[in-house]
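The values are calculated or read from the model by the stated rules, or taken from the named source; none is laboratory data. Quantities reported herein were computed from a predicted structural model and do not represent experimental measurements. Cβ placement follows ideal geometry from the backbone for every residue including glycine, while neighbour counts extend to all protein chains displayed.
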Amino acid sequence: MSSIVGMSWDKLMVRMACYGQRRHKTSLPKYRPLQCAAKLSVAGGTDAMQDTCKRRYFFNPAFEIYGGVGGLYDYGPVMTAININALNLWRSHFVLEESMLEIATTCLTPEDVFISSGHVQRFNDVMTKDIETGECFRLDTYLAQYCARRLNDPHEEMDAETRSALRDVEQRVAIMGEEEMAATVTRFGIRSPKGNALQPPFRFNLMFQTQIGPEGQQKGYLRPELAQGIFMNFKKMYDFNGGRMPFAGAAVGSAFRNEIAPRGGLVRLREFQLAEIEHFMNPNDKDHPKFGDVRDLEVPLWPREQQEATEDPILLTLGEAVDIGMVDNPTLAYFMGRVYLYLKALGAVHVRFRQHRSNEMAHYATDCWDAELLCSGGWLECVGIADRSCYDLEVHSARTGKDMTAFETYAEPQEERTVERKCNKAAIGKAFKGDAQRVLHHLQHELSAAECQTMQQVLDTGMAVQATVDGGLEVDITPEMVRFEQVTKKVTGRAFTPSVIEPSFGIGRILWCVLEQVYYIRESSLAALGDKSQPSKDKRAVFALPAAIAAYKVMVCPLMVKDNIMPHVRQIAAAFARHGIAYKVDDTGVPIGKRYARTDELGVPFCVTVDPTTDEDGTVTIRERDSCEQVRVPKAEVVPCIQTLCAEARQWQDLKAQYPLHEAAAVQAVGIQR
């Protein structure tokens, strides 16, 4: 069943009961259950994959000659190109497709912004220390590792109650508070790796703090996310967009978090790259005009009820998920679908969406889903997709007194009973000076009609009214400062604070998971040809990256470095350069088989080989990475062949049907199909 339309009445009622008004009390019946592996089994092990990345200079620890710094990595040429290609695909898939407004914002942010957003108070992790050595640990990670180690130890004997308790901690540790974590440490007698006691847990703010200006009087932070920079520019983007709603702002850039325990290659870094979207919309209209494009897309979903019942994720179409209330609204579901398609285009194989449990979500959020990718460390959050409601724009407007609203025009003018707020700015400014904007915003925007009426009744007696404005500031409002009057007006529209749907992409995490998922090892050519007389020690690593993000689309290899071959190599390379096709020439003196292996380790999908036959009849061979098959193609047709293959306008099978198979390829092949 691909749609909820046509579902039997009984089944529809059961599912509506589960995700209608009572969805927090009942669980979804198993429907297309999907069993997910707990961890990705990387061919040859994660160490082998990382070793390949290091040998081929994908990335390396920053400042390595000085011993390196945890959580900081530099990208080499290959990873830099993959990263750029992934971002170009992101821009094409989101920014261009949705006509988003991409902006570039500063990395340095004044403290006031993060006080308003809540980052100063709440952007922290729970930490503990070895009481003797002072070594620091992120406690949720440390507890998860402790539970996994004991549960997976075949030599440890434990009773059913202990095993159940460890499993419960392992599943719930991400949402535990510091008191519950402390109780867990005490209950199991958990100690540091060196056997020492652990300090009581405490919260550690992850933002890098700095001083702005030589006087050091203005405190600032390196941004831990891009969202606030986009919110700061909302009104400018709204005006640039001609006052039309909905619209989206987007940004790409570095973010910084002072991680307690950076780990896992590119998984948890202190400096990393984010790509974020803030889609602004009317909170009373969360439909999306293009939702139909993804409505029938079937995706793996792990809703909170399934998690709490320790049941597997399920396969549903996004249309079904919205219809039964599992996903809160069509716009959120639309972006989930677009995120899924983007991850698949990058080469991701194992993807699922996990819904935040109620005690995970921010107090202002309506619904949140994480797009998770499977890696050797388990399922990893790589894209967060959240309905942030109107919270961010409201808090920044309240603190600054600046207008952060959009305007909705009615089809016909309407008569509305409203409160006219006549503020005496001079009197307010004289009385409150630096806090005048906050008081003014409170009077003009924060008071309800009933509160205005009540306040005016007191002011009419000549008495002052005590009010509490944003941030807990208590002020006395006198009759000369404001007057509220009930009036009936004909209005053509209304101002509203937009709601926000935010997809936030951790680009480094995504690429790390994709590298693990597309990595495989194949045996040497002897094994590929079926020669089992002696065990093969020659195992070759391959990154089966899609052409869209591969660092180089094609490798150009002369079979031999000879005077009659190298001019052809230079001509082909120049043609690729003219057409903007990323290529690399490998004219080293090693055998062609080893050069093919090197090409495969770089994730290059195609290889053009120039041999003596090229000088005779003007043909070259094109080799496909994953099958190791080769076809012989006229030199003049090489560029259009590679162009159409990389654009997926033509498949490898089409090329095989058009051009003759290169017979010597079977002997020269490094391996066989994956």
For residue 263, state whether it is more than 14 Å from residue 503 (Cα to Cα) and buried (at least 20 other Cβ atoms within 10 Å of the Cβ). no
Inter-residue pairs, beta-carbon under 7 Å, first among the hydroxyl-bearing types (Ser, Thr, Tyr) and in region 459-485, second assigned to a strand (DSSP E or B), 6+ apart: 468/474
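Do you know which residues across region 464-493 are of a type in the set (Lys, Arg) and modelled with pLDDT of 90 or more? Give the steps one after another, and end with the answer.
Taking region 464-493 first, the residues of a type in the set (Lys, Arg) are 483, 489-490.
Residue satisfying the conditions is 483 alone.
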Please go through region 145-192 and give me each residue that is surrounded by 11 or more Cβ atoms within 10 Å (Cβ to Cβ), without any contact (Cβ under 8 Å) to a residue 24 or more places away in the chain and under 23 Å from residue 376 (Cα atoms), ordered by number. 145, 148, 149, 150, 151, 166, 167, 168, 172
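Which of the residues that make up region 539-550 are within 11 Å of residue 599 (Cβ to Cβ) and out of contact with any strand residue (DSSP E or B) (no Cβ under 8 Å at 6 or more places or on another chain)?
Filtering region 539-550 for residues within 11 Å of residue 599 (Cβ to Cβ) gives 540, 542-543, 550.
The one that is within 11 Å of residue 599 (Cβ to Cβ) and out of contact with any strand residue (DSSP E or B) (no Cβ under 8 Å at 6 or more places or on another chain): 550.
Do we have residue 462 as on the phi > 0 side of the Ramachandran plot and either more than 42 Å from the chain's Cα centre (by Cα) or not in a strand (DSSP E or B) (or both) here?
Working: on the phi > 0 side of the Ramachandran plot: yes; either more than 42 Å from the chain's Cα centre (by Cα) or not in a strand (DSSP E or B) (or both): yes.
Criteria met by residue 462.
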If only one of 339, 322, 327, 299 is in contact with a Phe, Trp or Tyr (Cβ under 6 Å, 6 or more places away or on another chain), at negative phi and at pLDDT 95 or above, which one is it? 299
Identity of the residue in region 221-250, surrounded by fewer than 21 Cβ atoms within 10 Å (Cβ to Cβ) and touching a Gly at 6+ places or on another chain (Cβ under 9 Å), that ends up farthest from residue 46 (Cα to Cα): 237
Please verify whether residue 137 is surrounded by fewer than 18 Cβ atoms within 10 Å (Cβ to Cβ), on the phi < 0 side of the Ramachandran plot and assigned to a strand (DSSP E or B), treating the condition exactly as stated. no
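Got a number for residues in region 278-303 being outside any loop (DSSP other than H, G, I, E, B) and over 19 Å from the mean Cα position of the chain (by Cα)? I'd like the intermediate steps shown before the answer.
Of region 278-303, the ones outside any loop (DSSP other than H, G, I, E, B) are 278-281, 291-293, 298-302.
Those left that are additionally over 19 Å from the mean Cα position of the chain (by Cα): 281, 291-293, 298.
Final tally of qualifying residues: 5.
Which residues, taken from region 637-656, are touching a helix residue (DSSP H, G or I) at 6+ places or on another chain (Cβ under 9 Å) and without any contact (Cβ under 8 Å) to a residue 60 or more places away in the chain? Spell out the reasoning first.
Pass one, region 637-656, residues touching a helix residue (DSSP H, G or I) at 6+ places or on another chain (Cβ under 9 Å): 638-639, 641-642, 644-645, 649-652, 654-655.
Residues satisfying the conditions are 641, 644, 649, 650, 651, 652, 654, 655.
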Where in region 164-271 are there strands (runs of 3 or more DSSP E), lying wholly inside it, with at least 3 residues that are within 26 Å of residue 397 (Cα to Cα)? 209-212, 218-222, 247-256
If residue 98 meets every condition in (1) part of a loop (DSSP other than H, G, I, E, B); (2) over 25 Å from the mean Cα position of the chain (by Cα) apart from one, which number is that one? (2)
